Amino acid sequence: ILTEEDEQDRVPLQKLALLGESAELRALLLNPHLRQLLLAVDQAQEKSSIMKKYMQEPLFVEFADCCLRIVESPEKENVLPE
C-alpha cells in the first residue's frame, strides 16, 4: 500500500513512455560504460548503496539528469525568482 508521500514519487506511464522517444537518452545508452553501470545497478542486491556510489560517476549523473528532464513536470522545475 502506497502512502501519499510514495505516490508523489511515482511517474505516470505516459511520462515513462517519453523515455523511449528521447533521442538524447538513446544516444547516451549507446555508451558501453553506461550500459555496464546500469546492468550492475539492476543486478545489485544493495541497490541503494550502489546508486550512491554511481551518483559520483559523471556519466551516470548525466543519464539520471536526462531521465529526470524527460519525466519531470514543468511545475517541478526550479524557477528563480525575478
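Observations on the model:
- Search result, residues across segment 34-54 that are touching a helix residue (DSSP H, G or I) at 6+ places or on another chain (Cβ under 6 Å) and either among the aliphatic types (A, V, I, L, M) or surrounded by fewer than 11 Cβ atoms within 10 Å (Cβ to Cβ) (or both): Leu34, Leu37, Val41, Ala44, Ile50
- Unmet requirement for Pro12, which otherwise passes all of (1) closer than 17 Å to Leu68 by Cβ; (2) modelled with pLDDT of 95 or more: (2)
- Qualifying residue in segment 42-50 (condition: in a loop (DSSP other than H, G, I, E, B), modelled with pLDDT under 95 and of a type in the set (Val, Ile, Thr)): no
- Among the residues of segment 43-63, those that are charged (D, E, K, R) and under 16 Å from Leu29 (Cα atoms) comprise Glu57, Glu62.
- If you go through segment 11-32 and pick out every residue that is open to solvent by 90 Å² or more (accessible area, probe 1.4 Å) and not in a loop (DSSP other than H, G, I, E, B), you end up with 6.
The values are calculated or read from the model by the stated rules, or taken from the named source; none is laboratory data. Model, not experiment: these values are computed from the prediction. Heads up, the Cβs are rebuilt from the backbone with ideal geometry, glycines too, and the neighbour counts pull from every protein chain shown. Surface areas here come from the heavy atoms of the whole protein model, side chains and all, with no ligands, DNA or RNA. Shrake-Rupley method; radii C 1.70, N 1.55, O 1.52, S 1.80 Å.
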